[in-house]
Amino acid sequence: MSTPAKKLQNLLGLSRDELEHLAEGLGQPRFRGRQLYEALYKQRATDFQRMTNLSQAFRSELAGRYLIAYPQIDRQFPSRDLAVRYLHRLEDGNSIETVYMPDETRTTLCLSSQVGCAVDCKFCFTALLGVKRNLTSCEIIGQVLTVAAAQAIPHRARLNLVFMGMGEPLLNLPAVMKAVHIIADPNGLGVPLRRITISTAGIVPKIRELALDPMRPKLAVSLNASTDAQRDAIMPINRKYPLAQLLQVCRDYPLRPREHLTFEYVMLDGVNDADADARRVVKLLEGLRAKVNLIPYNGGPELPFKSSPMRRVMAFQDILVARDIPAYIRVSRGQDVRAACGQLSLAGVGD
Ligand code: SAH
């Protein structure tokens, strides 16, 4: 009878400290761990044998105990607008999605932070799944590395990362921040913090926690309503953390020079898109260094909401801009493949 092969541990997602510790545990000096870290993230190596700055003996030992495994791409859905929705199969059989959105000057990846989501926003398709589990730092970094490899994104490309895929990143803050620290480290993936954005439905105590981290990325807050009654109805999290609390934590948020907060506002026909809503948003954001992204809603047969017509979105924008609030209309990419924000999941997961 053959003994089953020992399961190899995946090194992806380990921090520099952890890899230094691991090297020491194998009788190597600490700096070998740092070399391994740079090989994993800076050089994006997937094969120990290619790490020629490590001794042959050490490479063989690593290969006998560990592996470097990116999440597998199960399916991909290329959009007419060049965005690609990737469906990754995780080790436990769950699926998550990452969206690749190339542009003339930069590439944006929309990352997932959880399998499903617990926040239950009434207009969001991910909410229909419920939350299954948090992603690990390995799975978060893995999304970037898998898509970078699949699209042959050069190391020096201008990459933007947004945590706007499946899940609520602030409800998985330790793994998200562990991944962000490696992603932002110049000796890691080297994506500057100013090009990484965490988007939250408004988990007030976690925004406070994030504010304390000197290595924090930019913050976007999904406002989506102009009154508590309206927000309660479409984002039940508002009953726990109502607008006054949410905006207070935003006012207290320690912005760096030239940094601003982003407020996202999904435009829902007849729900939150009146001129009076725009005027209330102006009041809510008074005194904040902020910009607003107006997102026409991406609907689908499973949910009853419709997008505001474009002329309504533009009228809303005009009111904000006239009151000196920078406001941009963000038309989602990849609509034909349901890669638009908040649509990730249904078409892919579980089928
Ligand atoms: N949970 C986080 C991040 C994921 S959602 C958050 O709430 O911010 C990312 C953004 O997509 C949010 O601003 C959300 O309001 C928006 N969104 C969700 N579903 C959408 C849909 N169907 N159409 C347009 N925007 C949507």
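The values are calculated or read from the model by the stated rules, or taken from the named source; none is laboratory data. As the structure is a prediction and not an experimental result, all values here were calculated from the model. We place every Cβ from the backbone using ideal geometry, glycine too, and count neighbours over all the protein chains shown. For accessibility, only protein heavy atoms count, side chains too; no ligands or nucleic acids. Shrake-Rupley method; radii C 1.70, N 1.55, O 1.52, S 1.80 Å.
Computed from backbone phi, the HN-Hα couplings of segment 177-190 come to 6, 4, 5, 4, 4, 6, 5, 7, 5, x, 8, x, 6, x Hz, rounded to whole numbers (Karplus: 6.51 cos²θ - 1.76 cosθ + 1.60, θ = phi - 60°; Gly and Pro given as x). Placing R0 at 35 angstrom, the Cβ-Cβ distance between residue 286 and residue 157 gives a FRET efficiency of 0.35 after rounding to 0.05. Sorting 235, 101, 164 by solvent-accessible area of protein heavy atoms yields 164, 101, 235, largest first, with a 1.4 Å probe. Highest mobility in the GNM of the chain, judged by mean-square fluctuation with C-alpha springs under 10 Å and restricted to 320, 303, 246, is found for 303.
Applied to segment 243-258, the Karplus parametrisation 6.51 cos²θ - 1.76 cosθ + 1.60 on θ = phi - 60° returns per-residue 3J(HN,Hα) values of 3, 4, 5, 5, 6, 5, 5, 5, 5, 7, 5, x, 7, 7, x, 6 Hz, with x for Gly and Pro.
With contacts taken as Cα pairs under 8 Å and at least 6 residues apart, segment 9-67 reaches a relative contact order of 33 percent.
With a simple spin-label model that places each label point 7 Å from the Cα along the Cα-to-Cβ direction, the separation between residue 209 and residue 94 comes to 1.7 nm.
Taking square-rooted eigenvalues a ≥ b ≥ c of the alpha carbon gyration tensor, is segment 70-122 rounded, prolate or oblate, where a/c under 1.5 means rounded and, failing that, a/b exceeding b/c means prolate? Here segment 70-122 falls in the oblate category. Residue 286 contributes an accessible area of around 110 Å² to the protein surface, as traced by a 1.4 Å probe with all chains present. Counting only protein heavy atoms and using a 1.4 Å probe, the accessible area of residue 120 comes to about 60 Å². Full extension of the chain segment joining residue 120 with residue 9 gains 36.5 nm, where the gain is 0.36 nm per residue of separation less the Cα-Cα distance.
Within straight-line reach of residue 178, meaning a Cα separation under 21 Å, sit the following lysines at least 8 residues removed in sequence or on another chain: 42, 132, 206, 218.
Computed from phi, the 3J(HN,Hα) profile of segment 23-37 under the Karplus parametrisation 6.51, -1.76, 1.60 (θ = phi - 60°) reads 4, 4, x, 9, x, 9, x, 4, 5, 5, x, 5, 5, 5, 4 Hz, with x in place of Gly and Pro. Measuring with a 1.4 angstrom probe and ignoring ligands and nucleic acids, residue 21 comes out at about 130 Å² accessible. The H on the amide N of residue 108, modeled in the peptide plane, is under 5 Å from the matching H of 101, 103, 160, each at least 5 residues off or on a different chain. Under the convention that each Lys and Arg Cβ holds +1 and each Asp and Glu Cβ holds -1, the size of the dipole of the chain around its Cα centre is about 580 debye.
Estimated at 0.36 nm per residue, the fully extended path between residue 47 and residue 106 surpasses their Cα-Cα distance by 18.4 nm. Summarising the label geometry, the points placed 7 Å from Cα in the beta-carbon direction at residue 57 and residue 258 lie 5.0 nm from one another.
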